[in-house]
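First the structure, in the form of structure tokens, and then the observations on it.
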Amino acid sequence: MAAGHSIDPGRWREIFDGVMARVAGRFARVEPRRRARGFVLGLLSDLLRKNCWTIAEHAGDASPDGMQDLLSRAVW
């Protein structure tokens, strides 16, 4: 987004939810869907470092294992 522009947080969430709904069907189970949502939110966050550890913590996970499973073993 260009500097100086802003978007309504409610509208942003609506757009994000719509995008996630479009890709939700790529996951056979609800758990990877939820994890993918947390992963994308972590990527879009203002975290200084973005890796499985920091993104997992941002998503409320105790370890990066779930994020690593999503990236390496989940069926998309």
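Tally the residues that are more than 24 Å from Pro9 (Cβ to Cβ) and surrounded by 13 or more Cβ atoms within 10 Å (Cβ to Cβ), restricting the search to the stretch 29-50.
Step one: of the stretch 29-50, the residues more than 24 Å from Pro9 (Cβ to Cβ) are 29-32, 49.
Pick out the ones that are also surrounded by 13 or more Cβ atoms within 10 Å (Cβ to Cβ) and you get 31-32.
Here the count works out to 2.
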Exercise. Condition test on Arg22, is it out of contact with any strand residue (DSSP E or B) (no Cβ under 7 Å at 6 or more places or on another chain) and more than 19 Å from Trp12 (Cα to Cα)?
Worked result: no
Problem set entry | Whichever residue in the stretch 57-70 is in contact (Cβ under 8 Å) with a residue 12 or more places away in the chain and either closer than 25 Å to Trp12 by Cα or basic (Lys, Arg) (or both) and, among such residues, is surrounded by the fewest Cβ atoms within 10 Å (Cβ to Cβ) | Gly60
Seminar exercise, completed: Sole miss for Gly60 among (1) on the phi > 0 side of the Ramachandran plot; (2) touching a Lys or Arg at 6+ places or on another chain (Cβ under 9 Å) is condition (2)
Problem set entry | Wholly within the chain, helices (runs of 4 or more DSSP H) carrying at least 1 residues that are touching a Ser or Thr at 6+ places or on another chain (Cβ under 9 Å) and among the aromatic types (Phe, Trp, Tyr) | 52-59
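Throughout, read-outs are computed from the coordinates displayed, never taken from laboratory work. The shown structure was predicted, so the numbers you read here are calculated from the model rather than taken from an experiment. Backbone-built Cβ (ideal geometry, glycine too); neighbour counts: all protein chains shown.
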